[in-house]
1. Give a residue-ordered list of calculated ³J(HN,Hα) values for the stretch 74-85 (Karplus: 6.51 cos²θ - 1.76 cosθ + 1.60, θ = phi - 60°; whole Hz; x for Gly, Pro).
2. Hey, rough spin-label estimate for residue 46 and residue 70, points 7 angstrom out along Cα→Cβ, what's it come to in nanometres?
3. Going from most exposed to least, what order do 99, 76 have by accessible area with a 1.4 Å probe?
Amino acid sequence: MISYDLLTTYYRYEVNEHGEKRQPVTAKPEAGDKPTTLKDLLNPEIVNKLKSQADEMKAKEAEQREKNRQEAEDARKAEKKRLESDFGYLLENSGMDWRKHKN
């Protein structure tokens, strides 16, 4: 059997002036009961080293993305230049409205 004292430690009820129970009020955690994190457990030097490694990895990733973007842009420019010198491509994609060039 559970004692009344044990229950009141988990659930506290507010009682109004008529003796009726209202909503249960849960106990608020104290400020000193914060859960420990890995950052708290590690040496600050190790945390700084890990942060610097993460920053370096992000910089390398951004550099690689920029390099890939530049290569794709260069490939598009080369393909466009190749197609501009291809007579068949120019003939297919030219406008057939020759009246605007008529004297």
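1. 5, 5, 5, 5, 5, 5, 5, 5, 5, 6, 5, 9
2. 3.8 nm
3. Values: 99 195, 76 150 Å².
My answer, sorted largest first, is 99, 76.
The values are calculated or read from the model by the stated rules, or taken from the named source; none is laboratory data. As the structure is a prediction and not an experimental result, all values here were calculated from the model. No Cβ is skipped: glycine too gets one built from the backbone with ideal geometry, and neighbour counts run over all protein chains shown. These accessible areas exclude ligands, DNA and RNA; they are computed on the full protein's heavy atoms, side chains included. Shrake-Rupley method; radii C 1.70, N 1.55, O 1.52, S 1.80 Å.
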